[in-house]
Amino acid sequence: MKRLSILLIFIFASNILNAQIIENNKTNHLKKFSICLGAGIRNVTEERYEEVYGKNNITFSADIGYKIFGASEIFLHTDYFKCDGKLTFSKENTTLKIIPVELGARYILGNKIIKPYIGAGIGYYIYKEENYIGTIDDNKIGFFAEGGIRFLVTKPLFIDLKFKYISLNVKNDEGSDIQLGGISYMGGIGVTF
C-alpha cells in the first residue's frame, strides 16, 4: 500500500510538472516576437537646427523584435521624422525629413510587469532637406543607443517608454560636418506573440 501511494504521488507530481513544462513552452513560444508602434519627440544636435526648425518635433515609429535567447532580443526599427521651418536669413520655407532603418540588440530585465531594457545598434539613415537654395538628398550609416521601460498591461499587450540617442554625422554642400543625430523620447503600444 505504501509503495502504491508513493507511485500515485509520483505519477500525479509528474503530470503536474509535465503540464507546467508544456505550458511554459507554449508561453515562451508565443512570446518570441513583439511589435510596437509609437510616437514621440526628436531633437537634432546641430546647433543651427533649433533656430530653423524649432524644438521637440514629432516622430512616428515602428519596431519589430525577436527574442533570441533569455533576455536578449534583436530588433528592426524605423521611424518617420519630418519637420518644417524657416531659413535664418531669408525666412524662406525649408523641410527636413529623416527615415532610418535600424538593426539592433536589446537586453530586457525586470519582472513580469515592469521590464527595463537597454539596447544599441547601427542604422541606415535616409535624409532629405529641401528649400529654395537647393535639395540635399542622401543617406548615411549612423549608430544609436537606447534605454527604456516596458509595462505589461495584459499578457500580450505592453506600453513602451523609450529614450534614444542617435549619432549621425553628415556633410553639407560646403563639406562641413553636420550632426543630424540627437535625442528622442518615445512612447508606444506593443504586443508580444
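Laboratory data are not the source of any read-out in this text; all were calculated from the coordinates shown. Here the structure is a predicted model, which is why all the values come from computation and not from measurement. Counting neighbours? That spans all protein chains shown, and the Cβs are built from the backbone with ideal geometry, glycine included.
Miscellaneous remarks
- Charge dipole (debye, nearest 20) of the range 32-192; +1 at Cβ of Lys and Arg, -1 at Cβ of Asp and Glu: 1000
- Here the Karplus curve 6.51 cos²θ - 1.76 cosθ + 1.60, taken at θ = phi - 60°, turns the phi angles of the range 138-143 into couplings of 8, 8, 7, 8, x, 10 Hz, with x standing for Gly and Pro.
- Diffusion constant of the range 84-127 at 10 °C, which comes from Stokes-Einstein with the Kirkwood Cα-pair radius and 1.306 mPa s, µm²/s: 114
- Local electrostatic count, residue 106, Cβ distance below 14 Å [Lys/Arg +1, Asp/Glu -1]: 0
- Taking the Cα atoms of the range 66-193, the ratio Rg/Rh between the radius of gyration and the Kirkwood radius comes to 1.08.
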